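Every read-out reported here was derived from the displayed coordinates using simple, explicitly stated rules and does not represent laboratory data. This one's a predicted model, so the numbers in the text were calculated from it and none came from an experiment. Neighbour counts are summed over all protein chains in view; Cβ atoms, including those assigned to glycine, are modelled from backbone coordinates with ideal geometry.
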Amino acid sequence: MLGLLPSSYRNKKQQLAVSIQCSGTWSWVIRLRRGGRHSFESISSVADDPFVIIDLINLNRVTIDLESEIAWVEGGATFGELYHAIGTSSNAHAFSAGMSPTVGIGGHFSGGGNGFLARNSG
């Protein structure tokens, strides 16, 4: 069983919360698609039990605060969106992350991937 949200709800955080509550009520497995288009193990699109896919692609805001040197990144953003935000905000800052601009930040932050500065900066 697969449940998809209507396109008019995909960018609303309130609908995301309702979807999670509903999935719990029906004991559906939740699979997150975190903005990117990479899923080598296809974990985001298969399950042994009934499941729902929640696509975070529209939760992709990136905010750069140069004074505090902190970037706030929503779970559906991609590396390309993060790199673009950093590049347009500063000529002196960088981020050690993946090499493909279409990889989702959520997947990388939860344990996947290396990037351009990994050997140099860790």
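Test of understanding: what is the full-extension gain from A47 to Q21, defined as 0.36 nm times their sequence separation minus their Cα-Cα distance?
7.5 nm
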Original post:
What ³J(HN,Hα) values, in whole Hz, does the Karplus curve 6.51 cos²θ - 1.76 cosθ + 1.60 give for the range 75-90 when θ = phi - 60°, with x put for Gly and Pro?
Top reply: x, x, 6, 9, 4, x, 5, 5, 4, 4, 4, 5, x, 7, 9, 7
Original post:
With each label point set 7 Å from Cα along the Cα-Cβ vector, what nm distance links L66 and M99?
Top reply: 3.0 nm
